[in-house]
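The values are calculated or read from the model by the stated rules, or taken from the named source; none is laboratory data. Just so it is clear, the model here is predicted, and its values are computed rather than measured. Virtual Cβ from ideal backbone geometry, glycine too; neighbours counted across all protein chains shown.
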Amino acid sequence: MTTRLRGNPWAILAVLCLAYFMSQLDIAVLAIAIPDIVRDLDASLDQVVWALSSYILALAALLITAGRLGDLYGRRRIFLLGVTVFTVFSLAGGLADSPTQLIAARAIQGVGAALFVPQTMALLVEAFPPERRGMALGIRGGVGGSAAVLGPVVGGLLVGSLDWRWVFLVNIPIGVVMLLLAAATIPATGGRKEHRLDVGGVVLATAFLLLLAFGVSQGARYSWNAGIWAVIAAGLVLFAVFLAQQRRRQDREPLVPFALFRDRNFAVMNVFSVVVSLTVIGLIVVLSVTFQSVLQFGAWRAGLLLMVASVFSVAFDPVAGKLSEKVEGKHLLFFGMAATVAGLLWTFTQVRAGAGWAGLVGPMVVVGTGNAFLFTPLATVALHRVRPESAGGAAGVLVTSMQIGSMVGTAVMGAVLQEGGGTVPTVGTIRDVLLLLVGTAGVGALVCLAAERSAKPADAAAPAETAPTEAAPT
């Protein structure tokens with residue numbers, strides 16, 4: 001059985017989807033347990049919010065480094081290490097008896113997730129031929145989307161029927177099974193070349209991403225005071241230093257090979273990923289506030305409306321992946337952005353005093369369908385011409401761009417929605433924000449059109465590396 005499974009792309013896909021699902025589920029699942037954690041650990045709300053944030057900050061800061069580690073030292077090896085760290089510190093989180101222990105466990109959980117998340121994309125690029133990657137990436141995207149939908153549901157079931165600690169402890173049997181399946185299915189392949197990690201690049205990348213992630217994600221909590229702007233400024237300075245250091249390192253296995261960006265589609269898709277992530281997370285934030293606080297549908301009906309969008313997104317992800325093998329990727333992306341604009345404008349017409357929830361079902365269907373045609377073709381277009389030996393670093397950069405867009409979108413929406421000074425935004429404010437998102441979606445549509453037509457996989461000219469890179473053990 002093990003022999004038949006090893007190297008089987010569909011078996012590998014199943015393992016990678018399980019890992020990606022677990023990493024995304026852990027972003028959403030803990031929020032439902034906040035009141036129980038506050039009571040049980042005698043913690044402040046701020047401490048528990050830090051337990052949520054520490055996971056996201058560690059994940060965002062280390063994605064680029066982890067992706068490149070997979071290129072240099074083997075994707076299978078780094079994947080297994082990441083899952084092990086994630087599983088062990090899920091146990092630590094479940095056994096925590098103080099807020100400090102919980103925050104620390106959650107942060108190291110994020111380190112583990114950062115190690116394996118880029119490998120879930122890079123290993124798919126390695127396992128599937130170019131003509132089948134779209135479907136594989138589409139399934140992966142659908143699984144990630146389902147985690148966002150199921151997170152609060154799973155969290156509610158675990159907290160309600162067992163205890164908040166099971167939000168962490170449930171990861172242990174899943175992690176063990178995943179380690180066994182990964183060892184049985186993902187082959188160890190590659191050359192024997194010794195590699196030297198770009199330690200300076202790792203330190204600089206981790207520092208500037210951590211500072212930027214902290215500043216953007218925590219700005220509203222600290223009222224965007226001078227200290228927050230100083231943190232962001234320091235992050236930007238370190239980013240400039242990082243670019244200069246990487247430029248000098250290009251002939252000695254840099255953390256980010258600049259040759260990746262000579263592929264116009266990879267460069268364009270990184271810009272697009274920031275814009276589309278900003279738009280999508282901004283839309284989720286504004287719809288959550290609109291349905292519950294402004295239109296006062298209640299948590300149950302608001303959740304159902306958001307689930308409509310999520311279900312259609314998950315359902316159409318594999319369809320988008322399959323189409324990306326036959327239809328030009330940038331055209332699918334343009335369709336996704338056009339559908340998002342249409343859904344936003346339809347929502348705009350329905351948001352008014354006394355509006356009923358039934359009138360918003362249609363807009364949510366359109367928004368969810370459009371979302372499916374964004375992230376899956378994005379990954380397919382971005383990675384289409386990336387060499388397999390650079391796929392981990394490329395995936396790390398791409399996922400980091402998405403994380404940055406999501407954090408900026410959350411921060412911007414939070415600031416705009418609080419602009420009026422009241423606790424609940426007005427209908428007029430919500431309509432203005434929806435038009436703002438129409439504008440960002442329009443920018444995204446223009447950006448995706450800047451991508452080149454994808455060459456046939458066999459004829460695609462891979463960008464030349466500055467120095468030849470031998471495949472690392474995977």
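Of the residues V29, V49, the single one that is out of contact with any helix residue (DSSP H, G or I) (no Cβ under 7 Å at 6 or more places or on another chain) and either more than 26 Å from P257 (Cα to Cα) or of a type in the set (A, V, I, L, M, F, W, C) (or both) is V49. Of all residues assigned to the range 425-432, none qualifies as being among the charged types (D, E, K, R) and closer than 28 Å to L123 by Cβ.
Residues checked against (1) small (G, A, S); (2) assigned to a helix (DSSP H, G or I); (3) at negative phi:
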| residue | (1), (2), (3) |
| --- | --- |
| E325 | no, no, yes |
| F334 | no, yes, yes |
| G362 | yes, yes, yes |
| V365 | no, yes, yes |
| G370 | yes, yes, yes |
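Looking across the range 33-49, the residues that are in a helix (DSSP H, G or I) and at pLDDT 80 or above come down to D36, I37, V38, R39, D40.
When Q109, Q101, Q47, Q24 are screened for being of a type in the set (S, T, N, Q) and buried (at least 24 other Cβ atoms within 10 Å of the Cβ), only Q109 passes. Just one of the numbered conditions (1) modelled with pLDDT of 85 or more; (2) surrounded by 20 or more Cβ atoms within 10 Å (Cβ to Cβ); (3) more than 23 Å from G409 (Cβ to Cβ) is not true of L323: (1). The residues of the range 342-366 that are modelled with pLDDT of 90 or more and buried (at least 20 other Cβ atoms within 10 Å of the Cβ), listed by number, are G343, L344, T347, P363, M364, V366. I'd like to check something: does the range 261-280 contain any residue that is under 20 Å from L72 (Cα atoms) and assigned to a helix (DSSP H, G or I)? There is at least one residue in the range 261-280 that is under 20 Å from L72 (Cα atoms) and assigned to a helix (DSSP H, G or I).
Among L30, L63, L16, L69, which is the only one that is in a helix (DSSP H, G or I), more than 15 Å from the chain's Cα centre (by Cα), closer than 30 Å to R196 by Cα and not charged (D, E, K, R)? Result: L69 is the single residue among L30, L63, L16, L69 that is in a helix (DSSP H, G or I), more than 15 Å from the chain's Cα centre (by Cα), closer than 30 Å to R196 by Cα and not charged (D, E, K, R). Within the range 356-378, residues that are in contact (Cβ under 8 Å) with a residue 60 or more places away in the chain have Cβ atoms under 9 Å from residues that are of a type outside the set (D, E) and not in a helix (DSSP H, G or I) in these pairs: W357/L295; W357/F297; L360/L295; L360/F297; L360/V351; T376/S324; P377/S324; P377/V327, counting only partners at least 6 apart in sequence or on another chain. Please indicate, with yes or no, whether at least one residue in the range 218-239 is assigned to a helix (DSSP H, G or I) and either closer than 21 Å to I27 by Cβ or in the same structural domain as G67 (by TED's automatic domain parsing) (or both). Yes, some residue in the range 218-239 is assigned to a helix (DSSP H, G or I) and either closer than 21 Å to I27 by Cβ or in the same structural domain as G67 (by TED's automatic domain parsing) (or both).
Residues of the range 32-48 include none that is touching a residue at least 24 places away in the same chain (Cβ under 8 Å) and basic (K, R). Residue-level check: of (1) more than 17 Å from A105 (Cα to Cα); (2) at pLDDT below 85; (3) touching a Pro at 6+ places or on another chain (Cβ under 9 Å), T3 misses just (3). Residues that are over 30 Å from V365 (Cβ atoms) and loosely packed, with under 14 Cβ neighbours inside 10 Å occur in the range 249-260; there is at least one.
For V311, the criteria (1) of a type in the set (A, V, I, L, M, F, W, C); (2) assigned to a helix (DSSP H, G or I); (3) surrounded by 18 or more Cβ atoms within 10 Å (Cβ to Cβ) hold in every case but one, which is (3). Out of all the residues in the range 217-226, which are over 12 Å from A415 (Cβ atoms) and out of contact with any helix residue (DSSP H, G or I) (no Cβ under 9 Å at 6 or more places or on another chain)? Of everything in the range 217-226, those that are over 12 Å from A415 (Cβ atoms) and out of contact with any helix residue (DSSP H, G or I) (no Cβ under 9 Å at 6 or more places or on another chain) turn out to be N225, A226. Tallying residues that are part of a helix (DSSP H, G or I), loosely packed, with under 14 Cβ neighbours inside 10 Å and modelled with pLDDT under 80 within the range 158-204 yields 2. Residues in the range 375-386: is at least one surrounded by fewer than 24 Cβ atoms within 10 Å (Cβ to Cβ) and modelled with pLDDT of 85 or more? There is no residue in the range 375-386 that is surrounded by fewer than 24 Cβ atoms within 10 Å (Cβ to Cβ) and modelled with pLDDT of 85 or more. Search the range 50-71 for residues being of a type outside the set (S, T, Y) and surrounded by fewer than 24 Cβ atoms within 10 Å (Cβ to Cβ), and hand back the single one that is modelled with the highest pLDDT. Ranking the qualifying residues of the range 50-71, first place goes to A58.
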